[in-house]
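Okay, so here's the structure we're looking at.
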Amino acid sequence: MYKKFKQMSNFKQILFALVIGFAVVSFWRGVWELLDIYLLPNNRELSSWVSLVIGVVILITTHYAVKELT
């Protein structure tokens, strides 16, 4: 895949990067909107704290999983 990307023209590489960037931002925007709607919708502050804790737990868990795999 990397070789194919390097063989593309600069214009195609930039266009490809913009499309992928837009897709990533759109995905996370959707995730955040759904969390705002469904995760404690009446308490925005608590919802933010719960999201933060969930995110940290996932990061710590995946860090240790990756560390064990390498």
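The values are calculated or read from the model by the stated rules, or taken from the named source; none is laboratory data. Quick caveat, the model's predicted, so the values are computed rather than measured. Using ideal geometry, Cβ is built from the backbone for each residue, glycine included, and neighbour counts are taken over all protein chains shown. Ligands, DNA and RNA are excluded from the accessible area calculation, which covers all protein heavy atoms including side chains. Shrake-Rupley method; radii C 1.70, N 1.55, O 1.52, S 1.80 Å.
Sticking with the crude label model, points 7 Å out along Cα→Cβ, report the distance from Glu68 to Phe27 in nm, one decimal please.
2.5
Mind pulling the angle between the C-alpha long axis of helix 44-69 and the longest principal axis of the chain? Nearest 10 degrees, somewhere in 0 to 90.
Long axis of 44-69 versus the principal axis of the chain: about 50 degrees.
Quantify, in whole percent, the carbon and sulfur part of the accessible surface of the range 1-53 (1.4 Å probe; protein heavy atoms only).
On the way: 3560 of 5080 Å².
Reported share for carbon and sulfur atoms: 70 percent.
Roll a 1.4 Å probe over the protein chains and send me the accessible area per residue for the chain in Å². Intermediate values should be presented prior to the final figure.
Working: 6730 Å² over 70 residues.
In whole numbers, the chain has 96 Å² accessible per residue.
Give the residues of the range 11-43 whose amide nitrogen is closer than 15 Å to a point set 7 Å from the Cα of Val57 in the direction of its Cβ.
Counting only backbone N, you get 39-40.
Specify which labelled value, from (1) 34, 21, 6; (2) 24, 16, 9; (3) 26, 12, 9, agrees with semi-axes √(5λ) of the Cα gyration tensor in Å derived from the coordinates of the model shown.
Evaluating semi-axes √(5λ) of the Cα gyration tensor in Å on these atoms matches (1).
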